[in-house]
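Asker: One structure, as structure tokens, below. Some questions next.
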Amino acid sequence: MKPYQSLERALTLSLILILAASPLILSAATIVFNNSLSKEVMLEVEIANNYSKRKIGLMHRDYLPKNSGMLFIWEEDAIRCMWMKNTYIPLDLVFLDQQSTILSKHNLVPNSEESICSNQPARFAIEVNAGWLKQNGIDIGNKITFKK
């Protein structure tokens, strides 16, 4: 690993910890996926970093702009489950670990009450429009960082 990569990971982890601990400071951010083709793909995300924001998520919306999504942040690692109750937009979901590595990805069906759970402890989840992950070459093992 190159020295600047260690610093970049430390800065990303620091920013993630700030986002998790600061529910009122930041409501949106730009994240960068490093995809399977070694290209960077940007995504504008709303931040859901407290219980009430995570509970509502993307419910009751009929549109999500292109290259937009929601980043769910928890304070600790655990098996995480999501559902689509009252969510009208078809979505893709990824679960990530505390190092911002994608652990699993899922296709979500609008209005489904089926729980979709991470296959191992996760710290984050990201929801995007259905098909966005495939269109942008995002896969398990890819990482995210925050745009500076």
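Every number in this text was worked out from the coordinates using simple rules, so none of it is lab data. The shown structure was predicted, so the numbers you read here are calculated from the model rather than taken from an experiment. With ideal geometry, Cβ positions are generated from the backbone for all residues, glycine too; neighbour counts draw on all protein chains shown.
Asker: Spin-label point model (7 Å from Cα, Cβ direction): what's the Asp97 to Leu37 distance in nm?
Answerer: Here the modelled spin labels are 2.7 nm apart.
Asker: Starting from the Cα of Ser27, step 7 Å along the direction of its Cβ; do the same at Glu76; then give the gap between the two resulting points in nm.
Answerer: It is 3.0 nm.
Asker: Starting from the Cα gyration tensor of region 64-148, take the square roots of the eigenvalues, sort them a ≥ b ≥ c, and report rounded, prolate or oblate (rounded when a/c is under 1.5, otherwise prolate if a/b is larger than b/c, else oblate).
Answerer: Oblate, since a/c reaches 1.5 and b/c is not below a/b.
Asker: Now for a separate question. Run the numbers on region 32-148 and let me know its relative contact order in percent, using alpha-carbon pairs under 8 Å that are six or more apart.
Answerer: Contact order relative to length: 32 percent.
Asker: Tell me which chymotrypsin sites (Phe, Trp or Tyr not before Pro) from region 48-148 have a DSSP coil assignment and no more than 11 other beta carbons within 10 Å of their own.
Answerer: Here the chymotrypsin sites (Phe, Trp or Tyr not before Pro) that fit, given the DSSP loop and packing criteria, are Tyr63.
Asker: Return the long-range amide H neighbours of Ala122 (sequence gap of 5 or more, or a different chain), with a cut-off of under 5 Å between placed amide H atoms.
Answerer: Ala78, Ile79, Arg80
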